[in-house]
Amino acid sequence: MKIERVTNITEWVNSINPGEVKSAYLPCDKVQSLNCLASRHNQGRGKQRGKFVHYHYCSDLEVATIICETREDYLTNRENGEENSWKTQIPKDFR
């Protein structure tokens, strides 16, 4: 898996599409920004475009992973008690 270098977290989150998994180096002091941007995306632009972005952060390696699914899949998984099923897509090296 290719690990990117993120210069613009907003663009990185906005550019992911359902079914994609992206990992990037991200300093620890930027994790709160990623948290806020992912949440804001999911309640705004993601909702409009029918996608939902999850993120995971590996603090030991300072690598963030974002995973995108359709909003419909997200809601279905949540209804079925499988809200954490996206975590299986986190690359093994970053869990």
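The values are calculated or read from the model by the stated rules, or taken from the named source; none is laboratory data. This one's a predicted model, so the numbers in the text were calculated from it and none came from an experiment. Methodologically, a virtual Cβ is constructed for each residue, glycine included, from the backbone with ideal geometry; neighbour enumeration extends over all protein chains shown. Surface areas here come from the heavy atoms of the whole protein model, side chains and all, with no ligands, DNA or RNA. Shrake-Rupley method; radii C 1.70, N 1.55, O 1.52, S 1.80 Å.
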* To do: Straight distance only, please: which lysines reach the Cα of Lys2 with their own Cα at less than 27 Å, same-chain residues fewer than 8 apart left out?
  => Lys22, Lys30, Lys51, Lys87, Lys92
* **Per residue accessible area of the chain, 1.4 Å probe, in Å²** => 62
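Give, as a single signed number, the net charge of other residues whose beta carbon lies under 12 Å from the beta carbon of Glu82, with Lys and Arg counted +1 and Asp and Glu -1. Spell out each step's value before the answer.
On the way: positive: Arg78, Lys87; negative: Glu69, Asp73, Glu79, Glu83.
Net local charge, Glu82 excluded: -2.
With the cut-off at 1.5 for a/c, could you classify the range 1-54 from its C-alpha gyration tensor as rounded, prolate or oblate?
Numbers: a/c = 2.34, a/b = 1.32, b/c = 1.77.
It is oblate, given that a/c is not under 1.5 and a/b is not larger than b/c.
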* Structure fact -> If the label point sits 7 Å along Cα→Cβ of Asp60, residues of the range 77-95 with amide N under 20 Å come out as 87-95
* Given a Förster distance of 22 angstrom, what is the FRET efficiency for Gln48 paired with Ser85, based on the Cβ-Cβ distance and rounded to 0.05? -> 0.40
* Asked: Given q = 0.17, 0.22 Å⁻¹, what are the Debye log10 I(q)/I(0) values for the chain, with equal point scatterers placed on the Cα positions and solvent ignored?
  -> -0.70, -1.15
* To do: With the full set of protein chains in place, find how many percent of the accessible area of the chain is carbon and sulfur; take the probe as 1.4 Å.
  => 42
